[in-house]
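Just below is one structure, and these are the notes that go with it.
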Amino acid sequence: MIPHQVEIVYKEDNFETQVRCDRKRAEKKSPPAEKSGLKNVFHKLATYRLDKAPEGADTATYEHSYHPEEVNQLDRAGLHRRAQAGKVPDINNLGEALRTIGRIIDAADGQLVKIFKDQRRVAFDYVDKKGATIKTEMTRSELFKIQQSYYGNRSGSKNIDLWRGHD
């Protein structure tokens, strides 16, 4: 599922999510077996979903509530994909965009209120340590520059021998 829009609201210790995506991509489970023309028509008729949401034939909306431990579990599960040596994770990946937004909020000692992300921009609200609500909106390229600065700051540790004193 590649989302067109994602909205996340932090409410009562849970992350309430709403995702809008391409219906065809979201409903695709496995490639259909090779069928002749007539069999393909019958297959489409037999598997046509009558319960499609009213928002339109092209988009689907999914909602889910995540407990923080579920989010941590998802993050740990994806760690091996992100840990490729010498590569900066792709900011176009939803998880990496959310991690970068989390770093911005953490740097301000803030608490997430809401995130909205679509294909061109990201907007997020958080409460800072003084209790003020901060509303931030940026383009994907601005978010990319911030991500690069975080990884640039981390790269200073490349020359440190992590095993020194442990061998």
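In the context of the full set of protein chains, residues of the stretch 94-142 present 56 Å² of accessible surface per residue (probe radius 1.4 Å, heavy atoms only). With contacts taken as Cα pairs under 8 Å and at least 6 residues apart, the stretch 84-146 reaches a relative contact order of 25 percent. Whole-Hz Karplus values for the stretch 108-113 come out as 8, 6, x, 10, 4, 10 Hz, taken residue by residue from phi with 6.51 cos²θ - 1.76 cosθ + 1.60 and θ = phi - 60°; glycine and proline positions read x.
The values are calculated or read from the model by the stated rules, or taken from the named source; none is laboratory data. These numbers were taken from a predicted model, which means no experiment stands behind them. Side chains included, ligands, DNA and RNA excluded: accessible areas come from the protein's heavy atoms. Shrake-Rupley method; radii C 1.70, N 1.55, O 1.52, S 1.80 Å.
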